[in-house]
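Reading through the structure tokens given below for one structure.
The values are calculated or read from the model by the stated rules, or taken from the named source; none is laboratory data. Everything numeric here is computed off the predicted structure, so don't read it as measured data. Cβ placement follows ideal geometry from the backbone for every residue including glycine, while neighbour counts extend to all protein chains displayed. Only protein heavy atoms, including side chains, enter the accessible area calculation; ligands, DNA and RNA are left aside. Shrake-Rupley method; radii C 1.70, N 1.55, O 1.52, S 1.80 Å.
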Amino acid sequence: PAPVAIPSVVGQPLADADAALRAAGFTLAPAREEFRDDVAAGIVFAVEPGEGTEVPPESVVTLVVSKGRAPVPVPQVVGSTFDVANAALTGAGFTVTRSDEFSDTVPAGAVIATNPPVGNEAAYGSTVAVVVSRGPDLVTVPDVRGNTLGTAIDLLEAAGLSGEVDGPILPGQPVATQSPEPNTQLKRGSTVTLTL
């Protein structure tokens, strides 16, 4: 039988290219997938043997299909500002989401972490979640002087703090001093020392 030219199927979706080659009488090997930045996923970008090649009828043909862009490593953005991180991540081809969390160790406004983590590979165009520090969780110390001990402790707990008494506990005696002073910023959960 006369040789047959392999038809032009580059640029077609895999199913269409597969159907065209089978209709022309060729046998198809399993398609091979490769990452291609310039070809959408699922589109044929090569045929082996090449298009137009004259081969015996029923020859085996392999379609090479794009898996789309190769995964991209998440850039190192931990410690930078959100604006810097956002620019680096979008520049690398990612979509970015932001959340903010308190941190005692990372300064306010700096990136604490990313998900997926820095250095891991993620699909081009996928979303990277960026966690930004709000700084430490600080609360303002209320003025509890002049209150009974029970009321003073309740006020401190309502503000996210705890109280402890330094010295003797005298029932009914009001709080005389507190340390730290009222309106000081303390980490949530800190203890205020009261004297009666």
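Looking only at the stretch 53-105, count how many residues are among the β-branched types (V, I, T) and open to solvent by 40 Å² or more (accessible area, probe 1.4 Å).
9
Select from the stretch 63-87 the residues that are of a type in the set (V, I, T) and touching a helix residue (DSSP H, G or I) at 6+ places or on another chain (Cβ under 9 Å) and write down the one among them that is nearest to G42 (Cα to Cα).
V65
Answer yes or no: is there a residue in the stretch 111-120 that is polar (S, T, N, Q), within 41 Å of the chain's Cα centre (by Cα) and either over 30 Å from A70 (Cα atoms) or in a strand (DSSP E or B) (or both).
yes
Quick check, is P73 touching an Asp or Glu at 6+ places or on another chain (Cβ under 7 Å) and modelled with pLDDT of 95 or more?
yes
Within the stretch 106-122, count every residue that is open to solvent by less than 70 Å² (accessible area, probe 1.4 Å), within 11 Å of V74 (Cβ to Cβ) and either free of Cβ contacts under 8 Å to residues at least 40 places away in the same chain or among the hydrophobic types (A, V, I, L, M, F, W, C) (or both).
3
Mind checking which pairs have a first residue in the stretch 150-162 that is under 15 Å from G172 (Cα atoms) and a second that is open to solvent by less than 40 Å² (accessible area, probe 1.4 Å) and not aliphatic (A, V, I, L, M), Cβ under 7 Å, 6 or more apart or different chains?
Partner pairs satisfying both residue conditions: A152/G163; I153/G163.
Of (1) touching a Leu at 6+ places or on another chain (Cβ under 8 Å); (2) over 30 Å from G68 (Cβ atoms), V128 satisfies all except one. Which?
(2)
Listed here are the residues, each with its yes/no results for (1) within 14 Å of V64 (Cβ to Cβ); (2) surrounded by 15 or more Cβ atoms within 10 Å (Cβ to Cβ); (3) not acidic (D, E).
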| residue | (1), (2), (3) |
| --- | --- |
| G11 | yes, no, yes |
| L14 | yes, yes, yes |
| A19 | no, no, yes |
| G25 | no, no, yes |
| L28 | yes, no, yes |
| F35 | yes, no, yes |
| D38 | yes, no, no |
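I need a count of the residues in the stretch 136-192 that are part of a strand (DSSP E or B), small (G, A, S) and open to solvent by 60 Å² or more (accessible area, probe 1.4 Å).
Qualifying residue count for the region: 1.
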